[in-house]
1. I'm spelling it out carefully: the read-out is Kirkwood radius over Cα pairs in Å, the candidates are [x] 12.2; [y] 12.6; [z] 16.9, and one was derived from this structure. Which label?
2. Once each part is reduced to its C-alpha centroid, what is the distance from segment 1-28 to segment 30-79 in angstrom?
3. Which residue fluctuates the most in the chain, going by a Gaussian network model with Cα springs under 10 Å, if the choices are THR53, THR17, THR67?
4. Given Cα pairs under 8 Å that are at least 6 residues apart, what percent is the relative contact order of the chain?
5. Sorted by average packing, counted as other Cβ atoms within 10 angstrom per residue and highest first, what order do 32-38, 6-12, 55-61 take?
6. Per residue, how much accessible surface does the chain expose to a 1.4 Å probe? Answer in Å², no decimals.
7. Determine the sum of side-chain charges near LYS42: Lys and Arg each +1, Asp and Glu each -1, restricted to other residues whose C-beta is under 13 angstrom from that of LYS42.
8. Report, in deg cm²/dmol and to the nearest 500, the calculated mean residue ellipticity at 222 nm for the chain, where each DSSP H run with n ≥ 4 adds -39500 (n - 2.57) and the sum is divided by the residue count.
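The values are calculated or read from the model by the stated rules, or taken from the named source; none is laboratory data. Please read these numbers as outputs of a predicted model, since none were measured by experiment. Positions of Cβ are generated from backbone atoms using ideal geometry, with glycine treated the same way; all protein chains shown enter the neighbour counts. Each accessible area value is taken on the protein alone, full model and side chains, heavy atoms only, with ligands, DNA and RNA left out. Shrake-Rupley method; radii C 1.70, N 1.55, O 1.52, S 1.80 Å.
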Amino acid sequence: MRLDKYLKVSRLIKRRTVANEACDAGRVMVNDKVAKASAEVKVGDIIEIGFGTKSVRVRVLDIQDTTKKEAAKELFEYL
């Protein structure tokens, strides 16, 4: 699955366009490498997102095309 779509489906970032802009700005890393929005995400990947002075690191546990708000938390775990 594309990185920008995964960020939206997992609700780490609210909208796909915002996820796209974050990737273009170089604020999203997958497995310690700066990633483009089109990068493929697999189970077990580590995603790090920079939000200003704070950064969030998560491990991908599952990949789904769509999910309910309550189930979105089960797609990743915070590190």
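1. Looking at Kirkwood radius over Cα pairs in Å for this model, the match is [x].
2. 9 Å
3. Highest fluctuation among the options: THR53.
4. Relative contact order comes out at 27 percent.
5. Ranked by mean Cβ neighbours within 10 Å, highest first: 6-12, 55-61, 32-38.
6. 64 Å²
7. Overall, the nearby charge balance is -1.
8. Taking each H run of at least 4 residues, the total per residue is -5500 deg cm²/dmol.
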